[in-house]
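Here is the structure we will look at.
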Amino acid sequence: MDKEAKLNNERVLQTWRERAGAKLIFINEDPRDTTLDSLVDGIVELKQILYDNIRIREILLSKLRGIRINRPAYIYTLNNTIFRSCAPFRSTEFIININTKSKIVKKGQQKLGPLSTGTYITTGYQKLDNELGGGFPKGSIVLLETDSDVNKQITMAFLAKIMYSFIGTSNPILFGPFEIFEPALVITYLKSYLQKDPREGLVKILWPANMAKNPFSEYIIPYQKYNSKRRVESFQDQVFKVKEENPRKCLLNITGLDISKKVECFEKADEIEEILSFMRNNIDLSLFVTQCSANMKSNFYGEYDIHMRLRIVNGSLFLQLLSTNSPLYEMINDTSSGYPQIKLDPMV
């Protein structure tokens with residue numbers, strides 16, 4: 001029918017709706033048609049957009065009569081045929097106060113299966129294991145980048161489940177050789193998952209000697225500010241020592257790179273090749289954590305097996321697997337255990 005006749009019929013429907021005290025939803029497949037905009041109380045648009053070549057679904061709220069629209073757009077998922085919009089990101093929800101004794105609700109501690117199948121090491125996240133074909137390949141090097149507005153506490157909340165998979169099965173973790181994760185931060189988040197202190201000797205943190213005096217000194221291996229070559233040698237010595245103390249166990253190394261500072265032993269291509277070759281041959285899983293930056297060396301990127309990124313998209317927090325066809329995963333914070341515990345939900 002023509003536009004005027006169509007509008008008259010829609011007005012009649014509105015009159016019937018008012019008399020019946022009912023609700024009426026018009027479904028319009030052409031967002032360019034705005035003839036109903038002045039009649040309705042709300043306008044909602046569902047659309048699909050491409051984000052880094054990943055298809056995501058977005059819901060737009062352009063009109064809600066009598067209600068202020070604080071957030072006009074949400075990303076949503078239809079995973080398991082259920083509509084669910086993504087929660088707004090609040091960084092404070094992921095923080096554990098490291099200066100006070102946090103009260104942990106001891107309920108339903110996660111049961112752990114085997115750490116390794118021989119070929120893969122579990123990520124601690126079942127959905128991520130499935131996406132990667134079984135987990136992190138043994139001996140692999142993983143790069144975890146974060147957006148500038150993702151702080152260390154959020155990163156540590158994500159890493160905590162990976163660390164728990166190791167410590168909970170009596171496998172060691174070595175932090176270093178560069179310092180961005182303070183010992184108090186590491187142990188506080190890990191202790192929340194374990195609901196007790198990590199067993200002595202399983203967690204070691206390479207930390208500058210002049211900063212080594214703190215309540216967590218039993219987890220610290222102090223080191224001097226060596227030149228780049230000496231620091232690499234010192235790191236290699238500690239790897240051998242940890243492996244000797246934990247025979248037939250898998251070793252996780254987590255190295256934090258601060259891109260605002262000069263990282264000496266990663267300035268030259270041959271030094272990059274040397275330390276990464278050592279890691280592949282002697283460490284079961286190496287995980288580098290850094291803030292996303294254009295300053296990162298391009299030849300540094302080419303050495304990684306898996307590239308992940310924690311990022312904020314449209315006000316919500318996501319995990320992205322780069323160089324794959326994987327969807328974005330919303331990082332949902334579950335605090336039912338009394339501490340931040342991240343769950344992943346695919347945006348499909």
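Since every read-out is calculated from the coordinates, none of them should be taken as a lab result. Small disclaimer: the values here were computed from a predicted structure and weren't measured. Counting neighbours? That spans all protein chains shown, and the Cβs are built from the backbone with ideal geometry, glycine included.
Some points to look at:
- Label-to-label distance, nm, for residues given as residue 138 and residue 28 (7 Å Cα→Cβ offset): 6.0
- Here is the list for segment 27-92: chymotrypsin sites (Phe, Trp or Tyr not before Pro) lying in DSSP coil, each with at most 15 other C-beta atoms within 10 angstrom of its C-beta, are 83.
- Beyond 21 Å in Cα-Cα separation lie the following of the pairs 111/152; 152/243; 152/191; 196/241: 111/152; 152/243; 196/241.
- Phi to ³J(HN,Hα) by Karplus 6.51 cos²θ - 1.76 cosθ + 1.60 over segment 160-166, Hz, x for Gly, Pro: 4, 6, 5, 5, 4, 4, 7
- Annotation for residue 282 and residue 119: the two label points, set 7 Å from Cα along the Cα-Cβ direction, are 2.8 nm apart.
- Built amide H within the under 5 Å cut-off of residue 207, gap 5+: 221, 223
- Proximal aspartates and glutamates relative to residue 138, as straight alpha-carbon distance under 16 Å, when same-chain residues fewer than 8 apart are discounted: 129, 284, 303, 305
- Amide H contacts of residue 289 (H built 1.01 Å from N, in plane; Pro and chain starts excluded): 144, 255, 256, 257 sit under 5 Å, all sequence-distant by 5 or more or on other chains.
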